[in-house]
Amino acid sequence: MAEATASPLRLDRLGPVRVEHAALRVVELPLLSPFTTSFGTQTVRRALLVECHGDGLTGVGECVAGLEPAYSAETLGTALEVLRDHLLPGVIGHSAATVEEQLARGAWVRGHHMARAALEMALLDLAGRAAGVSLAAVLGAVTDRVACGVSVGIQPSLDATYTLIEGYLAAGYRRIKLKCRPGYDVELASGVRARFPTALVMLDANSAYRLDDLPTLRRLDAFDLMMLEQPLAHDDLVDHAALQAQLRTPVCLDESVDSVPAARAAIRLSAGRIVNIKAGRVGGLIRAVAVHDLCREAGWPVWCGGMLETGVGRAANVALAALPNFTLPGDTSASDRYFDADILTEPFRLQSDGTLAVPTGPGLGVEVDPARIAATTQHHERIG
Ligand code: NPG
């Protein structure tokens with residue numbers, strides 16, 4: 001066990017925020033190429049943005065929920081409803097001494113972590129802008145750039161996968177994550193390892209296996225993978241623990257760690273050795289820092305996951321990934337890995353050292369481009 005260290009979170013740097021009115025906006029951006037995982041193929045990113053207005057400032061948050069309840073039970077539709085009918089009415093027009101107090105007004109809502117996280121992001125952006133402090137500074141960033149990995153979806157052929165990897169490594173990405181599923185695993189890992197002997201490579205199964213697949217999963221131990229992400233069911237920490245006990249490759253948990261208590265349980269059970277932290281999945285950035293802190297105390301490294309975010313959600317991810325225990329490259333790729341054009345005035349660009357710069361401006365530290373917002377908006381409603 002590593003020694004307990006103080007949390008880097010600095011919410012005390014923020015003052016109170018007043019939300020006068022808000023808006024829910026759905027933008028749609030086509031993906032440059034289809035993204036296939038063990039549970040399906042995505043060709044567009046439809047993102048729900050929460051905009052909170054107060055004192056002449058706007059804070060924006062992005063919800064990571066997808067169109068279908070496949071990765072998680074939440075969808076864009078459920079998030080719209082929960083934000084419109086339950087979460088936003090609790091904050092609009094109410095004064096609070098701190099952002100935490102404001103968020104606590106929605107604490108009675110059970111689950112709906114992605115909806116909650118989107119509102120939290122908007123409030124933290126608004127409060128950061130009001131106080132002139134960057135989100136990265138509030139969360140406790142210790143670096144001004146974060147190492148980037150890239151996630152490669154399931155391709156029509158192994159050759160297509162090799163070609164993509166070559167391009168990403170040449171661009172500077174520092175770690176390759178390969179989506180896998182039963183029947184598209186051992187050959188994939190062995191082929192990639194043979195062609196890229198020194199690359200940092202990991203596999204992500206998105207819960208596609210069962211403990212009965214142990215013989216197949218053990219064969220992956222031969223390929224020096226950084227980790228195997230979320231091999232088993234999203235709600236089965238006990239089986240993950242049984243698997244990790246019989247696997248040399250570290251198991252990384254994603255879907256299984258959907259809350260701070262789940263992180264504690266995973267650590268207690270030794271259900272893996274690494275956590276992919278997504279703020280949306282655990283209910284917000286503040287809880288993401290709490291998961292980070294628990295993992296740090298346990299000696300588990302973490303990295304920042306991605307959900308094909310637009311630049312808004314990406315800005316928050318990059319700020320989070322700048323915390324001290326994010327020691328592994330994450331799924332925080334540059335805007336041009338996903339979209340022809342992002343919705344920001346300045347997209348996230350991969351630096352020559354394979355990193356993204358952590359925004360330093362107030363709040364999220366990025367600006368949405370009004371023309372891109374107008375061009376991509378599918379739905380808009382004012383609340384309050
Ligand atoms: O670079 O943002 C990215 C994508 C990273 O592979 C990625 N995300 O299971 O972690 C995942 C997967 C995902 C994407 C899951 C979209 C759900 C929706």
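The values are calculated or read from the model by the stated rules, or taken from the named source; none is laboratory data. Source: prediction; values computed, not measured. As a convention, Cβ positions derive from the backbone with ideal geometry for all residues, glycine included, and neighbour counts pool all protein chains shown.
Figures for the structure shown
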{"read-out": "Strands (runs of 3 or more DSSP E) wholly inside the range 174-265 containing at least 2 residues that are within 16 Å of the ligand (Cβ to nearest atom), in contact with a strand residue (DSSP E or B) (Cβ under 8 Å, 6 or more places away or on another chain) and more than 19 Å from Gly153 (Cβ to Cβ)", "value": "251-253"}
{"read-out": "Pairs where the first residue, in the range 136-152, is free of Cβ contacts under 8 Å to residues at least 40 places away in the same chain and in the same structural domain as Tyr162 (by TED's automatic domain parsing) and the second is part of a strand (DSSP E or B) and of a type outside the set (Phe, Trp, Tyr), C-beta under 7 Å, 6+ apart", "value": "Val152/Ile176; Val152/Lys177; Val152/Leu178; Val152/Lys179"}
{"read-out": "Residue list for the range 158-168, restricted to those being surrounded by fewer than 18 Cβ atoms within 10 Å (Cβ to Cβ) and either within 23 Å of the chain's Cα centre (by Cα) or at pLDDT below 95 (or both)", "value": "Leu164"}
{"read-out": "Residues of the range 248-261 that turn out to be more than 22 Å from Glu309 (Cα to Cα) and either surrounded by 21 or more Cβ atoms within 10 Å (Cβ to Cβ) or touching a Leu at 6+ places or on another chain (Cβ under 6 Å) (or both), as a count", "value": "2"}
{"read-out": "Sole exception among (1) within 16 Å of the ligand (Cβ to nearest atom); (2) assigned by TED's automatic domain parsing to the domain that holds Glu51; (3) within 16 Å of the chain's Cα centre (by Cα) for Glu120, by number", "value": "(1)"}
{"read-out": "So Ser259, is it of a type in the set (S, T, N, Q) and under 19 Å from the mean Cα position of the chain (by Cα)", "value": "yes"}
{"read-out": "Total residues in the range 104-129, condition part of a helix (DSSP H, G or I) and either modelled with pLDDT of 95 or more or of a type in the set (D, E, K, R) (or both)", "value": "17"}
{"read-out": "Enumerated helices (runs of 4 or more DSSP H) restricted to the range 280-384, each holding at least 2 residues that are in the same structural domain as Asp204 (by TED's automatic domain parsing), more than 13 Å from the ligand (Cβ to nearest atom) and in contact with a Lys or Arg (Cβ under 8 Å, 6 or more places away or on another chain)", "value": "285-298"}
{"read-out": "Pairs with Cβ under 6 Å, 6+ apart, first in the range 160-183 and at negative phi, second charged (D, E, K, R) and away from the ligand (no atom under 13 Å from the Cβ)", "value": "Tyr162/Arg195"}
{"read-out": "Single residue of Val138, Val150 found to be of a type in the set (Val, Ile, Thr) and part of a strand (DSSP E or B)", "value": "Val150"}
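Let's see how each residue does on (1) under 24 Å from Leu24 (Cβ atoms); (2) over 15 Å from the mean Cα position of the chain (by Cα):
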position	(1), (2)
Ala334	no, no
Asp340	no, yes
Ile343	yes, yes
Pro362	yes, yes
Ala371	yes, yes
